[in-house]
Amino acid sequence: MFRRTPLAMAMTILVTGALTLSACAATPEATPTPTGAPDPDASISIRLVLEPSNLDIRQTSGASLDQILVDNVYQGLAARTPEQDIVPALASEWTISPDGLTYVFTLREGVTFHDGQELTADDVVWSLTTRKDTPEWSDSSRLQNVTSITAEGQEITLTLAEPDSSLLWNLTGRAGLVLKKGDKVDYQTEANGTGPFVLTSWREGDSITLTRNDEYWGDAPGAAEVVLSYIPDNQAALNAALAGEIDVLTGFDANLQEQIEMNGDFALVLGQSTDKGTLAFNQTEGSPLADQRVRQAIRQAIDHTSFIEAQGAGEVQYGPIPALDPGYEDLSDVAPYDPAAARALLAEAGEEDLELTLTIPNFYPTTVPQILVSDLNEVGITLEIESVDFSTWLNDVYFNKDYDLSFVLHTEARDFENWANPDYYFTYDNPEVQDLYAQSLAATDEAEAAQLLARAARIVSEDAAADWLYTGASVLAVGTNISGMPSTNVNERLNLAEIGKSDG
């Protein structure tokens with residue numbers, strides 16, 4: 001069962017486009033620890049890169065919405081930590097039947113929406129049922145295995161048609177968000193959730209302001225206000241920070257480390273992420289890339305460490321699952337850097353003078369294509385770069401699969417399902433992988449599910465279904481008077497409940 005709609009995934013790709021690669025070797029540092037106590041009346045300004053087109057969390061896809069609204073404004077029965085652990089949220093606890101078909105959640109008492117109305121079990125049932133029954137709502141398909149959603153008192157029961165090891169994870173995302181039944185809020189420009197912050201203003205093209213929810217059911221946020229300022233250009237963001245206008249820079253360029261740290265007010269911070277720099281191969285019949293030897297040759301022609309050196313951050317990745325996700329395994333043995341082996345594979349395949357085109361969205365810098373052109377040229381492959389606007393990429397690559405090679409940064413965690421979907425733009429079709437993925441979903445034991453994913457991921461890598469150039473890092477510049485700033489996977493989700501600001 002494949003649960004992600006094409007448009008949703010396309011928009012997930014889009015929001016990562018403004019992230020830049022840097023050209024220096026930055027040293028990872030922990031988030032700075034202020035010496036003073038946080039000021040409960042503080043206002044904190046955080047630079048973000050890409051602004052959402054609207055605020056409708058129900059229907060508008062894109063990680064720019066999840067980044068600011070999930071956890072901070074909207075919540076579900078369960079939540080996820082930056083390290084990808086599943087934890088209670090609006091549900092204080094839950095139980096799962098031994099057969100994996102029944103999930104019972106205990107709804108917290110005393111939770112209110114931002115408009116003051118009490119959260120009820122009816123709101124939960126309505127939210128999940130409406131999500132499931134409304135294909136236009138993001139991630140609706142993730143609940144299709146749920147046959148009934150009922151409530152008795154504070155207990156919410158979900159009954160499944162078959163076990164689904166991804167259900168709890170899905171409930172930590174949009175599929176599980178709880179909205180107020182019958183709410184009249186204008187979701188395009190407003191929000192009404194249960195989270196630690198209230199969305200109080202949106203100045204389009206400039207900033208979004210979140211204010212502390214004084215009626216929050218959990219621990220009160222450490223700051224009175226957080227202003228999310230949208231500044232796409234790194235130099236402009238640097239200037240704003242040095243002028244004292246910005247407290248935290250996300251999506252930062254590690255190449256600017258010396259400038260941002262020169263007066264001691266900021267520290268560069270690197271965190272892990274699930275951002276996957278993916279080089280897709282069009283494997284449709286008739287393409288030279290339909291030959292596994294050609295795909296393997298391309299993989300072994302590429303020096304993956306060069307991307308890490310160029311960015312000054314990140315990790316090498318040789319398979320479809322990053323280190324933060326279940327099923328991760330070091331697959332560097334599958335495609336080690338070996339130009340001589342690459343040339344031999346091309347000769348064996350009869351493709352010694354191969355010409356290919358790399359289609360890449362034009363919001364990416366030139367670092368990735370420059371490295372690819374150089375490395376592939378060394379083994380006799382001529383690579384032409386076609387830089388296109390994102391709408392063209394969506395039409396040609398994503399929907400029509402009209403490309404040779406393509407590069408995008410896929411941010412979403414636990415998205416292995418794309419490799420089990422022959423209709424996805426990767427054009428990869430392996431029934432064994434599809435079966436292993438289905439078995440993983442049906443597993444009632446987390447360890448077994450992860451082992452099945454690992455087996456499937458190794459096959460995908462051995463098939464050279466794509467090349468994974470690197471796992472990106474979360475690159476931030478954090479004020480030395482800021483505490484509690486997340487540094488892991490901040491491009492996908494940014495929980496600000498613990499952030500604080502002191503005088504020193």
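When the label point is put 7 Å from the Cα of Asp206 along its Cα-to-beta-carbon vector, which residues of region 216-240 have a backbone N closer than 13 Å?
In region 216-240, the label zone of Asp206 (backbone N under 13 Å from the point 7 Å along Cα→Cβ) covers 228-230.
Rounded to whole Hz and in sequence order, give me ³J(HN,Hα) for region 147-154 from the Karplus expression 6.51 cos²θ - 1.76 cosθ + 1.60, θ = phi - 60°, writing x for Gly and Pro.
Using θ = phi - 60°, the values come out as 8, 8, 10, 10, 9, 9, x, 9 Hz.
Scan around Ile385 for amide H atoms under 5 Å from its own, H built in the peptide plane at 1.01 Å from N, and keep only partners 5 or more places away or cross-chain.
Here Leu358 satisfy the definition.
For the chain, build the charge dipole from Cβ charges (+1 Lys, Arg; -1 Asp, Glu) around the Cα centre, then report which of Leu210, Thr305, Val124 sits farthest towards its positive end.
Looking along the dipole axis, the top candidate is Val124.
Just how large is the dipole of region 276-471 about the Cα centre, in debye to the nearest 20, putting +1 at every Lys and Arg Cβ and -1 at every Asp and Glu Cβ?
Numbers: 9 positive and 36 negative charges, 42 e Å.
Charge dipole, region 276-471, about its Cα centre: 200 debye, nearest 20.
Any lysines with Cα under 24 Å of the Lys276 Cα? List them, leaving off those in the same chain fewer than 8 positions away.
Hits, sequence-local ones excluded: Lys401.
Please list, in order along region 300-316, the HN-Hα scalar couplings obtained from phi with the Karplus expression 6.51 cos²θ - 1.76 cosθ + 1.60 (θ = phi - 60°), rounded to whole Hz, x for Gly and Pro.
Each residue of region 300-316 in turn: 7, 7, 9, 8, 5, 5, 5, 5, 5, 5, 5, 7, x, 6, x, 9, 5 Hz.
Near Lys184, which lysines are there with a Cα under 27 Å away, not counting those fewer than 8 places off in the same chain?
Lys184 reaches Lys132.
Relative to the present Cα-Cα distance, how much length would full extension add between Asp330 and Ser287 at 0.36 nm per residue of separation? If you can, show how the numbers build up before the last one.
Numbers: separation 43, 0.36 × 43 = 15.48 nm, distance 2.94 nm.
That works out to 12.5 nm of additional length.
Taking neighbour counts of Cβ atoms within 10 Å as a proxy for exposure, in what order, fewest first, do Ser229, Ser306, Ser287 appear? Please list the in-between numbers first.
On the way: Ser229 21, Ser306 18, Ser287 15.
With the fewest neighbours first, Ser229, Ser306, Ser287 line up as Ser287, Ser306, Ser229.
Find the relative contact order for region 276-471 and round it to a whole percent, using C-alpha pairs within less than 8 Å whose residues are 6+ positions apart. Could you put the intermediate results ahead of the total?
Values: 344 pairs, mean separation 70.7, N = 196.
It rounds to 36 percent for region 276-471.
Hey, of (i) 69, 59, 36; (ii) 93, 56, 35; (iii) 75, 60, 40, which did the structure itself give for Cα extents along the principal axes in Å when calculated?
Only one listed value fits the structure, namely (i).
For region 417-504, what is the relative contact order in percent, using Cα pairs closer than 8 Å and at least 6 residues apart in sequence? Write down the numbers at each step before the final one.
Numbers: 81 pairs, mean separation 15.2, N = 88.
Rounded, it is 17 percent for region 417-504.
I'd like the Karplus ³J(HN,Hα) series for region 82-87: coefficients 6.51, -1.76, 1.60, θ = phi - 60°, whole numbers in Hz, and an x wherever there's a Gly or Pro.
So the J values, rounded to whole Hz, are x, 7, 6, 7, 8, 9.
About the Cα centre of the chain, how large is the charge dipole given +1 on each Lys and Arg Cβ and -1 on each Asp and Glu Cβ? Please answer in debye to the nearest 20.
Details: 26 positive and 79 negative charges, 138 e Å.
Around 660 debye, computed over the chain.
Using Cα pairs closer than 8 Å and at least 6 residues apart in sequence, work out the relative contact order for the chain, in percent. Provide the component values of the computation, followed by the final result.
Numbers: 1168 pairs, mean separation 127.4, N = 504.
Answer for the chain is 25 percent.
Can you tell me which of 92-101, 252-261, 62-71 comes out highest on packing, and rank the rest after it, using the mean Cβ neighbours within 10 Å? Could the numbers behind the result be given before it?
On the way: 92-101: 13.0, 252-261: 20.7, 62-71: 24.0.
Answer by packing, highest mean first, reads 62-71, 252-261, 92-101.
What is the spin-label model distance, in nm, from Thr147 to Thr81 if the labels are put 7 Å beyond Cα along the C-beta direction?
3.5 nm
Enumerate the amide H contacts of Ser45 below 5 Å, restricted to partners 5 or more residues apart or on another chain; note that Pro and chain-start residues carry no placed amide H.
Val227, Asp247, Val248
Per the helix-only calculation at 222 nm, which mean residue ellipticity applies to the chain, given -39500 (n - 2.57) for every DSSP H run of n ≥ 4 and division by its residues, nearest 500 deg cm²/dmol?
Numbers: 13 runs with 121 residues, N = 504.
Computed ellipticity for the chain at 222 nm equals -7000 deg cm²/dmol.
Leu453: net charge of surrounding residues, Cβ under 11 Å, Lys/Arg +1, Asp/Glu -1, itself excluded?
Values: positive: Arg414, Arg455, Arg458; negative: Asp325, Glu329, Glu417, Glu446, Glu448.
Local charge sum for Leu453: -2.
Every read-out reported here was derived from the displayed coordinates using simple, explicitly stated rules and does not represent laboratory data. Everything numeric in this text was worked out from a predicted model, so none of it was measured. Here the Cβ is made from the backbone with ideal geometry for all residues, glycine too, and neighbour counts use every protein chain on show.
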